[in-house]
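First the structure, in the form of structure tokens, and then the observations on it.
A short reminder: the numbers here are calculations on the coordinates, not readings from a lab. Since the model is a prediction, treat every value here as computed from it, not as a measurement. Ideal geometry is used to build each Cβ from the backbone, glycine not excepted, and the neighbour counts take in all protein chains shown.
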Amino acid sequence: MSTPARKRLMRDFKRLQQDPPAGISGAPQDSNIMLWNAVIFGPDDTSWDGGTFKLTLQFSEDYPNKPPTVRFVSRMFHPNIYADGSICLDILQNQWSPIYDVAAILTSIQDNHGGCSGSDFQVLLRLLNDVDFCWNSLLCDPNPNSPANSEAARMFSENKREYNRRVREIVEQSWTAD
Amino acid sequence: MQRGPTAGSMVSNHSRGEPLSTLAAEYQSGSPILLEKIKVLGDKYAAIRRTRGDGNCFFRSFMFSYLEHILETQDREEVDRIKIKVEECRKTLQSLGYVDFTFEDFFALFLEQLDDVLQGNENSISHEELLNRSRDQSVSDYVVMFFRFVTTGEIRKRSPFFEPFISGLTNTTVEQFCKSSVEPMGEESDHMHITALSDALGVPIRVVYLDRSSCEAGGVSVNHHNFVPAPGNLPSATSVSSESINPFITMLYRPGHYDILYPK
């Protein structure tokens, strides 16, 4: 059965195969184009370096008018990621637009003057990298005092060393988790 | 702001809108200025068609009004004209770096509606079917999104023109504004959206303002503003002088919401 959502997801997949952004990979499950697995690699030169983090993207027939539900399967420790792996990120909530495809969800195109052709950065990678960015994009929860993971948020601002240690633990867990 | 139409309907279901008296009824125990203004409106306008107050009301009103106009006039010259503008919008998005497959379905669906309101084709539709489609989420939302793509393309393309308005209103960059206030569904439209859509497609739009403002002297009057695209972009049927221009799309603006107005 081919619906508009499924047809669109096939094109998303084609683009992701032909022009894969650095640091991420993703593909639909064999029997179900509506459910994707993705992996993002922790950015170099950050405490996430070396980690491989698994996610799932669940699409509905309303895609691309509605965003997929994106969730980390790997255990995470981050102010903007809930205990169940769901992510607090504006483009996955109230700032969603059909201009984002799967590659763009995992890789957003940074705007600069003259359009979208500027340098790429990975939204989710950057989420790991730069918590300030997350605060700025945190339209779903504009109050920095009630983040998705309050322990991680508090540690991030009060005890960066301990925060980084916890992140390294998560990175090491990502090697052994199946 | 959620206002007006019955829950569930995107465009109200009357064949030629509802009489303006239904509008007056809403304010019966309310502001005398508004009631006075609605009376003045009644000199020129016969009916109102309500659209769902879901933040897409401007685009949805535009969609219905424009397609209804084509259905009623069968103005093939206008259809040919707007198709050229649509192709220009496509090129604009491409040149701005948008990926084709993220917007092509939305373009295709709008072009299909344009062809279908022209009679004499296999797929020609009636006024009733136009109403049905405007109320069908899978068609209606796609066409709304098409207009959002057109609007964002125009604003970004003419970023130096729009920048002062945007920074004055929202204190953000043009790109941020488009990302947060134009491209997502459900984000309300302001005069920037209207200007950009009107310019990009070359379709004049009249907006009639129904608010509590009043001038002391000389009794109550109702303000309107014509959004008139640059000459050369205009439909062939409209006269070129912007003073005397008579847009075939008229919307009633009440703070936070747009509906369609029908002239007498």
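Can you list the residues, at least 5 places off or on another chain, whose amide H is less than 5 Å from the amide H of B:ALA46, using H built in the peptide plane?
B:TYR262, B:LYS264
Let me know the Rg and Dmax you get for the stretch B:144-186 when you use only its Cα atoms, in Å.
Values for the stretch B:144-186 (Cα only, Rg and Dmax): 9.8, 27 Å.
Would you list, by chain and number, the lysines whose Cα falls below 18 Å from the Cα of B:LYS44, excluding same-chain residues fewer than 8 positions away?
B:LYS44 reaches B:LYS264.
State, in angstrom, two size descriptors of the stretch B:128-216 derived from its alpha carbons: Rg to one decimal place and Dmax to the nearest whole number.
Rg, Dmax (Cα atoms, Å): 15.1, 47.
Do me a favour and compute the ellipsoid semi-axes for the stretch B:18-263 from its Cα gyration tensor, root of five times each eigenvalue, largest one first, whole Å. Numbers along the way, then the final one.
Numbers: eigenvalues 167, 104, 61 Å².
Semi-axes, largest first: 29, 23, 17 Å.
More than 19 angstrom separation, counting every C-alpha pair in the stretch B:64-181; what % is that? Write out the running numbers ahead of the final one.
Working: 3644 of 6903 pairs.
So the pairs more than 19 Å apart make up 53 percent of the total in the stretch B:64-181.
Once you place label points 7 Å from the Cα toward the Cβ at B:ILE33 and B:LYS83, how far apart are they in nm?
Between B:ILE33 and B:LYS83, the label points sit 4.8 nm apart.
Could you tell me the distance between the Cα centroids of the stretch A:6-81 and the stretch A:160-177, to the nearest Å?
So the separation of the two Cα centres works out to 21 Å.
Average partner chain C-beta neighbours within 10 Å, per residue of A:64-71?
If you average over the peptide's residues, the count of other-chain Cβ atoms is 2.
Residue by residue through B:96-106, how many Cβ atoms from other chains fall within 10 Å of the Cβ on average?
Values: counts 5, 7, 4, 11, 2, 9, 12, 3, 2, 6, 4.
Mean shielding by partner chains, rounded to a whole number: 6.
Put one equal scatterer on each alpha carbon of the stretch B:180-221, apply the Debye formula with no solvent term, and list log10 I(q)/I(0) at q = 0.20, 0.21, 0.23 1/Å to two decimals.
For the stretch B:180-221, the Cα-only Debye profile gives -0.77, -0.80, -0.85.
Return the subset of A:LYS7/B:LYS157; B:LYS157/B:LYS179; A:LYS7/A:LYS66; A:LYS54/B:LYS179; A:LYS14/A:LYS66 for which the Cα-Cα distance in this structure is over 18 Å, preserving the input order.
Working: A:LYS7/B:LYS157 30 Å; B:LYS157/B:LYS179 14 Å; A:LYS7/A:LYS66 15 Å; A:LYS54/B:LYS179 28 Å; A:LYS14/A:LYS66 20 Å.
Where the Cα-Cα span goes over 18 Å, the pairs concerned are A:LYS7/B:LYS157; A:LYS54/B:LYS179; A:LYS14/A:LYS66.
Mind pulling up the Rg/Rh value for the stretch B:52-111? Radius of gyration and Kirkwood radius, both on Cα.
Numbers: Rg = 13.5 Å, Rh = 13.1 Å.
On the Cα set of the stretch B:52-111, Rg over Rh gives 1.03.
Calculate the all-directions average of the projected area of the stretch A:1-89's alpha-carbon convex hull, and give it in nm². It would help to have the intermediate numbers written out before the result.
Working: hull surface 26.2 nm².
Average projection, Cα convex hull of the stretch A:1-89: 6.5 nm².
Grab the DSSP H runs of chain B that are 4 residues or longer, score each as -39,500 (n - 2.57), total them, divide by all residues and round the 222 nm result to the nearest 500 deg cm²/dmol.
Details: 10 runs with 130 residues, N = 264.
Theoretical 222 nm ellipticity from helices: -15500 deg cm²/dmol.
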